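Comments concern the structure below.
The values are calculated or read from the model by the stated rules, or taken from the named source; none is laboratory data. No experiment lies behind these values; they were computed from the predicted model shown. Cβ sites come from the backbone with ideal geometry, for glycine too, and all protein chains shown count toward neighbours. Note: accessible area is taken over every heavy atom of the protein model, side chains too, but ligands, DNA and RNA are not part of it. Shrake-Rupley method; radii C 1.70, N 1.55, O 1.52, S 1.80 Å.
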Amino acid sequence: MAGQFEALPGGGAAVALDEVEISILRSLAVQLLELIGPGDEPAEGEDPLAALFAEGPSEPPSDPALARLFPDAYARPGVERAENGAEEEELRALSAEFRRFTENELRARKRDDVLAVVRSLDALTVTGEGGAVLKLTAEDSLRWLGALNDLRLTIGTRLQVTDDDETGDLYRLPDSDPRKPMVMAYLWLGALQETLVETLTS
């Protein structure tokens, strides 16, 4: 089980983590929480239902990592500009309208996923051997899967990873390269994500 998720009887998944891995995962999750930002709590006396339907931003985030987590709904991958200006303007307008009514909810969901990771790590009891076994319910497994995916997207964006060079050049970085620790985290999170997917689909 060390280093990879395995299915639990009756649903859910488990993985053995050492103290360093727990610390790294928690630190990355907290940083992602800070990047996503705090939730918009209803002002005192404000109707919570009204806050639920509050409009969000219409422009994409300026931070490339956030833009990757909250992409335009009507962007055309691999096409920098639409064939004509009118079509490009229409796509922008559709994306802005979609973002206004969905981004707040999407941020809240991503925030909840990452909070679930932090809370489950905080609940672990590290043994004398310096490790613990993390056991997740089926529901928490899905939250972890979402958070692991968002962590990889964020780190991948910071590393400027593209679909074409997913891991090839990353494996060959020298230890002296300042990106090496981030690359190791990126690859490790990918392995965790892959084995968690396997437990949920087996």
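What to note about this one:
- Computed P(r) (all Cα pairs; the stretch 91-185; 5 Å bins; percent): 2, 10, 14, 14, 15, 17, 15, 8, 3, 1, 1, 0
- Sulfur and carbon atoms: percent of accessible area, the stretch 132-202 [1.4 Å]: 53 percent
- Ordered from highest to lowest accessible area with the whole protein assembly present and a 1.4 Å probe, Thr201, Thr127, Thr102 read as Thr201, Thr127, Thr102.
- Probe 1.4 Å, accessible area per residue of the stretch 93-198, Å²: 55 Å²
- Rounded FRET efficiency, nearest 0.05, which uses the C-beta distance separating Arg119 from Lys180 and R0 of 30 Å: 0.50
- ³J(HN,Hα), Karplus 6.51/-1.76/1.60, whole Hz, each residue of the stretch 108-120, x for Gly, Pro: 4, 5, 5, 4, 4, 4, 5, 4, 4, 5, 4, 5, 6
- Where labels lie 7 Å past Cα in the beta-carbon direction, separation of Leu94 and Tyr74 in nm: 0.5 nm
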